[in-house]
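Structure first, then comments.
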Amino acid sequence: MIRDRMRQWLTATELPSKEDFAFANEVLEPHLYTLFVRQHPRDVLHGVKCAVWLLDRGYDDYDLITAALVHDIAKGAQRRRDRVAFVAASDLGVARWLAEPRSQYELRRAVSRTLLHSERGAAMLERAGASEGVIELTLRHHSDPGDDPVLALLQQADAAS
């Protein structure tokens, strides 16, 4: 886990390429691509890496690949320190206490966005007309996958990217 966190820290300033946007444009329907490009550049790149990870392993289910691209659409802008604060607060069990969507402090607003991004992202996708599969995968991408192998694959791609 520490290795994954270090990788995330070191790659947090990478920017998506024109090829990344072209790839997503080929996969996503126009109304979903519009949401995709509104993401923070870090989340655009992360979504592409998730989708490519799945495709490289032979998984090409449309809902799965689409969810890989858009599962973090509701995170919004985040500074590195906001993400670090969220991870630390989560590990300490105080993220819900720290999160405050109307705080005067951006860090607390960012933690709130991250804490609620699955639910808010699913709602955004529903309003945009995404399939039930994409909405459900986005909603549950931080939940126990139980016996859902597709959700488990999304979580593996998410962790690997």
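The values are calculated or read from the model by the stated rules, or taken from the named source; none is laboratory data. Note that the structure is a prediction, hence the values are computed from the model and not measured. Heads up, the Cβs are rebuilt from the backbone with ideal geometry, glycines too, and the neighbour counts pull from every protein chain shown.
Some observations on this one:
- Odd one out for residue 114 among (1) more than 12 Å from the chain's Cα centre (by Cα); (2) not in a loop (DSSP other than H, G, I, E, B): (1)
- Annotation note: Cβ proximity below 8 Å between a residue of region 77-103 that is at pLDDT below 90 and surrounded by fewer than 12 Cβ atoms within 10 Å (Cβ to Cβ) and a residue that is not in a loop (DSSP other than H, G, I, E, B) and not charged (D, E, K, R) (sequence gap 6+ or interchain) occurs for 81/107.
- None of 130, 122, 159 is under 17 Å from the mean Cα position of the chain (by Cα), in contact (Cβ under 8 Å) with a residue 12 or more places away in the chain, surrounded by fewer than 16 Cβ atoms within 10 Å (Cβ to Cβ) and closer than 17 Å to residue 47 by Cα except 159.
- Subset of region 126-150 (residues that are assigned to a helix (DSSP H, G or I) and closer than 22 Å to residue 86 by Cβ): 137, 138, 139, 140
- Residues (modelled with pLDDT of 95 or more, part of a helix (DSSP H, G or I), more than 18 Å from the chain's Cα centre (by Cα) and not basic (Lys, Arg)) located in region 1-58: 19, 22, 26, 30, 56
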